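Engineer: Let me give you the structure first, and then I'll get to my questions.
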Amino acid sequence: MLEIKNLHASIEDKKILKGINLEVNAGEVHAIMGPNGSGKSTLASVIAGKEEFDIKKGTISLNGEDLEELAPEERAHKGIFLSFQYPVEIPGVTVTNFIKTAINESRKARGLEDMPANQMLKLIREKSELLEIDRKFLSRSLNEGFSGGEKKRNEIFQMAMMEPKLAILDETDSGLDIDALRIVANGVNKLRSKDNAIIVITHYQRLLDYIVPDFVHVLHDGKIVKSGTKELALELEEKGYDWIKQEATV
Ligand code: ADP
Ligand code: MG
Ligand code: MG
């Protein structure tokens with residue numbers, strides 16, 4: 001599904017990604033871990049197409065189609081979903097109305113009519129039941145006074161509603177409490193299917209106690225220096241990142 005080959009990316013001439021190779025197939029959950037500043041969020045941004053990063057070398061493709069020239073919106077319409085790191089507050093716009101608009105915008109960009117109201121309601125009901133989100137939450141103003149856990153719940157709900165081919169969840173350092181952690185993990189576990197792929201980026205081994213990834217990759221200084229299965233995450237929990245750094249510099 002996603003194929004990244006020898007990807008080098010910079011921001012303002014500072015080299016950040018230095019030769020990433022990664023293949024993610026439908027049905028898989030990949031965890032990307034690594035110390036602060038190793039380039040995890042940059043990788044997510046470059047896949048999503050954020051324009052402040054320059055691709056210097058290498059390729060990114062989704063189902064065989066090159067992405068490098070596409071704007072973030074176009075990538076989103078092709079089924080790439082990146083969780084929002086700093087969710088905006090939109091007073092007066094409810095969780096439900098925001099997602100309805102997003103879905104219809106996306107359909108419009110693909111030349112489709114608005115989703116019929118009854119189909120939309122059915123989808124909302126289905127996804128909110130799956131994720132155990134109550135009605136009251138759906139009629140709250142977007143992000144207004146949301147707790148950390150509620151922001152995560154909204155993010156996971158958006159992801160569920162958009163039904164992306166590839167979802168990237170960047171769990172930044174911003175205090176994921178145990179509640180938020182469970183919400184994310186529960187959502188990922190419920191939304192994984194043979195047709196989609198999920199990349200979970202995390203600094204915390206803890207998250208992977210709840211999500212069992214098929215593959216774990218460790219990023220260090222802009223490169224994937226080690227890949228493995230869930231056991232690698234346990235090893236990291238035990239030994240920290242220093243041994244990886246040492247191995248990487250030999
Ligand atoms: P991680 O998510 O693994 O903590 P980041 O991708 O956020 O790492 O950052 C990797 C490196 O790129 C860091 O050295 C960081 O300072 C730098 N960086 C990230 N974003 C920017 C930016 N907008 N401008 C300048 N440097 C940046
Ligand atoms: Mg960071
Ligand atoms: Mg980050």
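The values are calculated or read from the model by the stated rules, or taken from the named source; none is laboratory data. In this text the structure is predicted, and so the values were computed from the model without any measurement. Neighbour counts run over all protein chains shown; Cβ positions are idealised from the backbone, glycine included.
Engineer: In this structure, is THR59 polar (S, T, N, Q) and within 22 Å of ILE4 (Cα to Cα)? Steps first, answer last, please.
Structural biologist: Numbers: polar (S, T, N, Q): yes; within 22 Å of ILE4 (Cα to Cα): yes.
Criteria met by THR59.
Engineer: Which of the numbered conditions does SER45 fail, given that it passes all the others? Conditions: (1) more than 27 Å from GLN246 (Cβ to Cβ); (2) part of a strand (DSSP E or B).
Structural biologist: If we test SER45 against (1) more than 27 Å from GLN246 (Cβ to Cβ); (2) part of a strand (DSSP E or B), just (2) comes out false.
Engineer: Being more than 16 Å from ligand 1 (Cβ to nearest atom), in contact with a Leu (Cβ under 9 Å, 6 or more places away or on another chain) and at pLDDT 85 or above: is that true of ILE124 here?
Structural biologist: yes
Engineer: Continuing with the same structure: With (1) touching a helix residue (DSSP H, G or I) at 6+ places or on another chain (Cβ under 7 Å); (2) within 16 Å of ligand 3 (Cβ to nearest atom); (3) more than 19 Å from SER106 (Cβ to Cβ) as the list, and ALA185 as the residue in question, which single condition is left unmet?
Structural biologist: Result: ALA185 passes all but (2).
Engineer: Consider only pairs whose beta carbons are under 8 Å apart and that are at least six residues apart or on different chains; among these, list those whose first residue lies in the stretch 151-173 and is under 19 Å from THR202 (Cβ atoms) and within 16 Å of ligand 3 (Cβ to nearest atom) and whose second residue is hydroxyl-bearing (Ser, Thr, Tyr) and modelled with pLDDT of 90 or more.
Structural biologist: Once the first residue is under 19 Å from THR202 (Cβ atoms) and within 16 Å of ligand 3 (Cβ to nearest atom) and sits in the stretch 151-173, its partners that are hydroxyl-bearing (Ser, Thr, Tyr) and modelled with pLDDT of 90 or more give ASP170/SER41; THR172/SER41.
Engineer: While we're here: Could you list all residues from the stretch 48-65 that are touching a residue at least 24 places away in the same chain (Cβ under 8 Å) and outside any loop (DSSP other than H, G, I, E, B)?
Structural biologist: ALA48, ASP54, ILE55, LYS56, LYS57, GLY58, THR59, ILE60, SER61, LEU62
Engineer: Is it the case, given these coordinates, that GLU68 is more than 16 Å from ligand 3 (Cβ to nearest atom), part of a loop (DSSP other than H, G, I, E, B) and under 27 Å from HIS220 (Cβ atoms)? Reasoning before the result, please.
Structural biologist: On the way: more than 16 Å from ligand 3 (Cβ to nearest atom): yes; part of a loop (DSSP other than H, G, I, E, B): yes; under 27 Å from HIS220 (Cβ atoms): yes.
Here the answer is yes, as GLU68 does meet what is asked.
Engineer: Testing THR94 on (1) away from ligand 1 (no atom under 16 Å from the Cβ); (2) within 30 Å of THR229 (Cβ to Cβ), one condition comes back false. Which one is that?
Structural biologist: (2)
Engineer: Picking from ILE20, ILE32, ILE16, which residue would you name as being under 14 Å from ALA197 (Cβ atoms) and either acidic (Asp, Glu) or at pLDDT 95 or above (or both)?
Structural biologist: On the way: ILE20 fails: under 14 Å from ALA197 (Cβ atoms); ILE16 fails: under 14 Å from ALA197 (Cβ atoms).
When all the criteria are applied, what remains is ILE32.
Engineer: Checking the structure you have, find out if any residue of the stretch 102-113 is part of a strand (DSSP E or B), touching a His at 6+ places or on another chain (Cβ under 9 Å) and of a type in the set (A, V, I, L, M). Before you say what the answer is, go through the steps one by one.
Structural biologist: Quick first cut of the stretch 102-113, residues part of a strand (DSSP E or B) only: none.
So far as the stretch 102-113 goes, no, none of its residues is part of a strand (DSSP E or B), touching a His at 6+ places or on another chain (Cβ under 9 Å) and of a type in the set (A, V, I, L, M).
Engineer: Something else now. Quick check on my filter: what residues within the stretch 6-62 are more than 8 Å from ligand 1 (Cβ to nearest atom) and on the phi > 0 side of the Ramachandran plot?
Structural biologist: Of everything in the stretch 6-62, those that are more than 8 Å from ligand 1 (Cβ to nearest atom) and on the phi > 0 side of the Ramachandran plot turn out to be ASN6, ASP13, GLY19, GLY27, GLY49, GLY58.
Engineer: In contact (Cβ under 8 Å) with a residue 40 or more places away in the chain and assigned to a helix (DSSP H, G or I): does that describe LEU181?
Structural biologist: On the way: in contact (Cβ under 8 Å) with a residue 40 or more places away in the chain: no; assigned to a helix (DSSP H, G or I): yes.
No.
Engineer: If you don't mind, there's one more thing I want to ask. Sort through LEU130, LEU112 and tell me the only one that's without any contact (Cβ under 8 Å) to a residue 12 or more places away in the chain, of a type in the set (A, V, I, L, M, F, W, C) and either surrounded by 16 or more Cβ atoms within 10 Å (Cβ to Cβ) or under 28 Å from LEU2 (Cα atoms) (or both). Let's see the steps before the verdict.
Structural biologist: Numbers: LEU130 fails: without any contact (Cβ under 8 Å) to a residue 12 or more places away in the chain.
Answer to the check: LEU112.
Engineer: Kindly indicate whether ASN189 is modelled with pLDDT of 85 or more, more than 26 Å from PRO91 (Cα to Cα) and outside any strand (DSSP E or B).
Structural biologist: Working: modelled with pLDDT of 85 or more: yes; more than 26 Å from PRO91 (Cα to Cα): yes; outside any strand (DSSP E or B): yes.
So ASN189 passes the test.
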